[in-house]
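Beneath this line is the structure, given in structure tokens, with notes to follow.
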Amino acid sequence: MTRQYKTSTAKRMWRTASNHIATGLAILSTILVITPLIVIFIYLLYKGASSLNLAFFTQTPRPVGETGGGMANAILGSGLLLAVGSALGVPIGIAAGIFLAEFGRGGKLANLVRFTADVLNGVPSIVMGISVYSLIVLPQKHFSALAGGVALGIMMIPTITRTTEEMLLMVPHAIREAALGLGVPNWRSVLSITLRTASPGVITGCMLAFARVAGETAPLLFTAFGNQFWSVNLNQPIAALPLQIYVYALSPYDEWHRLAWAGALVLIILIVVSVSLVRYVTTRGVLKGAS
Amino acid sequence: MNLKIQDIRVPGPFETPSPVSDPPSGPRPGEEPSTIRKFLLSRGSSAFADRGFRWLMVLCACTIFGIVALIATELILRSQLTISKFGIKYFFGSAWDPVNGNFGALPFIYGTLVSSLIGLVIAVPLAVGVAVFITEMCPHKLRGPLSFFTELLAAIPSVVYGLWAVFVLVPLLREHVNPILMKLLGWTGFFTEPNFGIGMFAAGVILSIMILPVISSLTREVMTAVPHSQREAVLALGATRWEMIRMGVLRNARIGIVGSIILGLGRALGETMAVTMVIGNRPEIVKSLLAPGYSMASVIANEFSEASDDMYLSALIEIGLALFIVTIIVNALAQLLVWAVTRGAPARVN
């Protein structure tokens, strides 16, 4: 007769117990992870909302010791820097994404470009700031908004490249083949048909890069440098929202702390809106006309 | 040729098509080409425009290489002064004396490594736990919101984390957490007075919060890449759910999980703003984790715009060069590991 193999009761009990322990630990770690996020958000809302008023958006900083004032110059500065950065980063990034998706599928160059873009995404932003400093600020001998914008633009390129590639790959082949079958030249089909079909996704990818770069402080520390006054000159130092938050947070003045919290709240709202929008577009598959 | 697309006549749905006995092979000598062929020939070739367009796209893709080359050349160029004066001993000296021109990067390397290590030790178990929960144990309806929340953690800017850390985390650590650590673990020598709150440990904690979503989302991606057949095979052999996760999923995905941990390490090494605000800015190597320290990115952020002479600036840029090389190596290694498991699918972080 074959022997009956039976696990001992103790072994069976240990297996069920370890299953329950593992589930408990997983739930515990999830709670431990979600809690700081919720705490940070609630604290930010509480601290920021009380100091967020119209003056914050319309006034420049007051001298130390006076109450009131706002961060209007920082908001404008951030907008200007992002505009310069987008002008540099978005066209190049989308073009590189088009190359990866349309012309390079499976080729050695495309794989290398993709790998390099992913690695470049992980390079610290302060290193980018140093290289733009030595490229633009040192020869010009002064800080400028242009240098800050170039630093931000360089940071946007790898992100936009990868998201554009992913969005273009989602366009079904039938559309491309239909265009080519009608005799549309390849370049025209890529631009007017494939890119246009994927444009909601591409635009939200750009928005994601935008939001990520809007919160970057380190590259601006020694390129745009910050400015106490209202300035729209590209050749002068300019204020930026995250830069201002950094300076104010480390200062000893309560009034400036209050402004820093309000600025942080504005930044977080911008980023939450962008991330939610990106998620909405990519998970709902809003590629109208694709099928 | 003024052929328009409306002039081309294609057989309608109920007409019999012309016999297909002759394959279309172009006009025989003496015959006119077909209408469609005449139309296409009249349009002209787009080969030139196609080639130009493709060339333009390749150029833009190569700007990515150009960016890496640009960063590398600028860093190496501007740090020549310290490279020629100190050589490799720069990374082993612990004196940071800008006044006398004596520079040594060891305290910063120590600070970066220790704060990143603390961050990893705290973040990795939590991140893997969250990933396991979301992928395997979570009810389907919760999956979307939970992954959205963890991605939101990744999107918060570093300076906002720093702001919160300075005003909320540091007092919390100073008043409540550090005294307990000093009482329980003070005998090891790692948690001793003085207790300012601001220090290496605070930097490690805020780093762990920041790299958690990175490790978690990559681990989730790697775990979903494991084919279902593996899970089903283990379950068919009579395993409990945890045993299925351990043997069927984690064992297959462990290379990718190691890759995601290394990617989190890479992010922690380069983190600047939040660490600068809570690390204490003291360039000394001290055994206690509660003491202030200094990291490579922090010294650059703090002292770059105040560097008074060329040697000082060159010393800081050389630290930046070291940071660049280390993060490139770490990130490349991590991407390779994750790629090995997901087979070329993009290793996205956000």
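Here are the numbers for the structure shown:
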read-out	value
Stokes-Einstein D (µm²/s) once Rh is taken as the Kirkwood radius of the range A:145-262 over alpha-carbon pairs, at 37 °C in 0.692 mPa s	192 µm²/s
Kirkwood Rh (inverse of mean 1/r, distinct Cα pairs), the range B:58-209, angstrom	19.7 Å
Projected-area mean, chain B, by convex hull of Cα positions, square nanometres	32.9 nm²
Lys, Arg +1 and Asp, Glu -1 on Cβ, resulting dipole of the protein assembly as shown about Cα centre, debye, nearest 20	2080 debye
Interchain or long-range residues, amide H under 5 Å from B:Asn102's placed H	B:Asp97
Size of charge dipole - chain A - debye, nearest 20, with Cβ of Lys, Arg +1 and Asp, Glu -1, no other charges	1360 debye
Selection from B:Phe48, A:Gly183, A:Leu146, by position along the positive dipole direction of the protein assembly as shown (Cβ)	A:Gly183
Of A:Lys108/B:Lys141; B:Lys89/B:Lys287; B:Lys85/B:Lys287, those spanning more than 32 Å from alpha-carbon to alpha-carbon	A:Lys108/B:Lys141
Ellipticity estimate at 222 nm from DSSP helix runs (n ≥ 4, -39,500 (n - 2.57)) divided over chain A, nearest 500	-22000 deg cm²/dmol
Exposed chymotrypsin sites (Phe, Trp or Tyr not before Pro) absent: longest stretch of chain B, with sites in DSSP loops and at most 14 other Cβ within 10 Å deemed exposed	B:93-350
Using distinct alpha-carbon pairs, which all enter the 1/r mean, Kirkwood radius of the range B:136-232 in Å	16.2 Å
Selected from B:Ala268, B:Gly238, B:Ile180, residue furthest toward positive end of dipole (chain B; charges at beta carbon)	B:Gly238
Distant alpha-carbon pairs in the protein assembly as shown (separation over 50 angstrom), percent	21 percent
11 Å beta-carbon shell around B:Met296, net charge (K/R +1, D/E -1)	-2
FRET efficiency estimate (nearest 0.05) - Cβ-Cβ, A:His173 to A:Lys11, R0 56 angstrom	0.55
Net charge, B:Arg78 excluded, C-beta distance under 13 Å - Lys, Arg +1, Asp, Glu -1	-3
Positive-pole candidate from B:Ser147, B:Leu289, B:Met247, dipole of the range B:108-342, charges at beta carbon	B:Met247
Percentage relative contact order, the range A:72-284, counting C-alpha pairs under 8 Å, at least six apart	30 percent
Alpha-carbon Rg/Rh ratio, for chain A, with Rh computed the Kirkwood way	1.13
Sum of -39500 (n - 2.57) over DSSP H runs of 4+, divided by residues of chain B (222 nm, nearest 500)	-19500 deg cm²/dmol
The range A:45-85 and the range B:66-121: distance between their alpha carbon centers, rounded to Å	36 Å
Trypsin sites (Lys or Arg not before Pro), loop per DSSP, at most 10 other Cβ atoms within 10 Å - longest free stretch of chain B	B:10-286
Space enclosed by the convex hull of the alpha-carbon atoms of the range B:240-350, per residue, Å³	158 Å³
Estimated distance in nm for a label pair at A:Arg62 and B:Lys38, the labels positioned 7 Å out from Cα along Cα-to-Cβ	8.3 nm
Efficiency of FRET between A:Arg105 and A:Tyr280 - r from beta-carbon atoms, R0 22 angstrom, step 0.05	0.20
Cα centre as origin, Lys/Arg/Asp/Glu Cβ charges: the range B:108-342 dipole, Debye	1040 debye
Length-normalised contact order for chain B - Cα pairs under 8 Å, 6+ apart - percent	23 percent
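Each value in this text was obtained by applying a stated rule to the coordinates, not by laboratory testing. Keep in mind that what you see is a predicted model, and the values were worked out from it rather than measured. Glycine also receives a Cβ, built like all others from the backbone with ideal geometry; neighbour counts cover every protein chain displayed.
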